[in-house]
1. List every residue whose amide H lies under 5 Å from the amide H of C88, counting only residues 5 or more places away in sequence or on a different chain, with H placed 1.01 Å from N in the peptide plane.
2. Rounded if a/c is under 1.5, else prolate if a/b is larger than b/c, else oblate: which is the stretch 132-192, with a ≥ b ≥ c the root eigenvalues of its Cα gyration tensor?
3. With the cut-off at 1.5 for a/c, could you classify the stretch 79-194 from its C-alpha gyration tensor as rounded, prolate or oblate?
Amino acid sequence: MKKFGLVLFMLALALMLGGNALAQNVGDNSVYFVSYYSNANTAGAPDAVVRAINDGDQATSAVEGVENGPLWATFYIFDDSEELQSCCACLVTSDGIVSESVNKQLTSNEFTGRAEITRGVIKVVSSSSSDPTNPVVSPGLRVWGTHIQATTNVPEKGPWFVTETTFADSNLGKVELGNLGLSCSFGLTLGSGYGLCPCTPEDHDF
């Protein structure tokens, strides 16, 4: 009976260790990240920044010096009326980082031609396509953003607090993905050159 108990114990231990090993090998396949921006384009307030890195999940073996596994951080910028104002797809190569200014880039070239929005929502799709009107989801990006927090309700009065958080991993359905691409396409077409946010090269900060 003692031997039988020992066998059961060893079997349970093996299953437990095997389960842990399996859990450690399962990565995070998130492809959709959301956050907010506040106090943008506000006199006296500092600028906010969004940074995205490529964790190398899509990288494959390649000749030295040949880039592989690139992804695009596909940005969709909404105002506080839930209307898409700009979109773009910024290249992030394996182990690379891209930095985007909220004031100078993400909200600088809106469909309406005005850079006046101060708060809203930022959505990012991890995509293997450079076309923001037709994102192709592919895991591998991680996104952070700073937030400008006001300490008073009087405009142009500081001090301002700057906080940083990771973008929230979110569920991305087919309808939402299609709406993002279609809205971006309509906006860029009707905007006559407005609405395409510029991208910072990887080896630069804005």
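We did not get these values from a lab; they are worked out from the coordinates using the rules stated. Everything quoted here is computed from the prediction, not taken from an experiment.
1. Residues meeting the amide H criterion: F75, C197.
2. The shape class here is oblate.
3. Oblate.
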